[in-house]
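What follows is a short report on a single structure.
Quick note: the coordinates plus some simple rules give every number you see, no bench work behind them. Please read these numbers as outputs of a predicted model, since none were measured by experiment. Note: ideal-geometry Cβ built from the backbone for every residue, glycine included; neighbour counts use all protein chains shown.
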């Protein structure tokens, strides 16, 4: 934990906004932003403090001790930035996915491909055991790409599970939580539709009355998703930290194989009906162009991480 000035907390909120943007873009990990901007260790430390001891302190009414124990000011400022980015970027994504689905999914493909290439480049612990784990990850990724249904699943239990899984991108640099939501079929439903619906529901008392009933269900969905994310923050951060300490080489090899194996599901013709209908009219130039945009975004982030 650090003693911060008011301007330091303003900068931390900006970092939270950047982290939120990264979390919403498939192929870009919010954990990478935490590493690049220098607060990853404090982030994991604070997440791990969201445990049963924190709950005990809270219910005992020891609010000050609870706040200090979980590094509350740091978490609240950072997560405020993440939430702000969600409600701004989701509006842009909503328009982009509706108007230019082919281009958006091609960019996403480039983002994930670049992430996979960088992880492969930086990994140097290849031997028989890690190759086996990489093959397992590849097989799982290919299997999910082929077998995973593209339709969304709106059941509350599944949405809660999506919330738990989505937090991986914040705690494990290199693996995108949004990408996992794509594989689970709920990316657009949760990070675009539900976020926008919740926002409209919040402001509905100041707008048209019908918005409240139209988006009340989205508000419930977003609340369940957020609850799952909070549960995942505590549980997964502790679990991933232990796995990284004992089996980091095997974990990284599995992730590399998994991401390469999952690229198939991101190809635009496998994601949108509009892309399937118009693929014959798309020039190879635009396919390469939008894919390169995705590649460049990740490579620029990697450049600044190395420069730091």
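At-a-glance table
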quantity	calculated
Burial ranking of peptide ranges 122-130, 256-264 (average Cβ count within 10 Å, highest at the top)	256-264, 122-130
Three semi-axes of the equivalent ellipsoid, region 72-167, Cα gyration tensor, whole Å, largest first	29, 21, 18
Protection proxy ranking, peptides 233-240, 297-304, 15-22, average beta carbon neighbours within 10 Å, highest first	15-22, 233-240, 297-304
Efficiency of FRET between residue 140 and residue 203 - r from beta-carbon atoms, R0 45 angstrom, step 0.05	0.60
Paramagnetic reach from residue 131 (point 7 Å along Cα→Cβ, amide N under 13 Å) across region 224-263	none
Shape category assigned to region 31-115 from the gyration tensor of Cα positions, a/c cut at 1.5	prolate
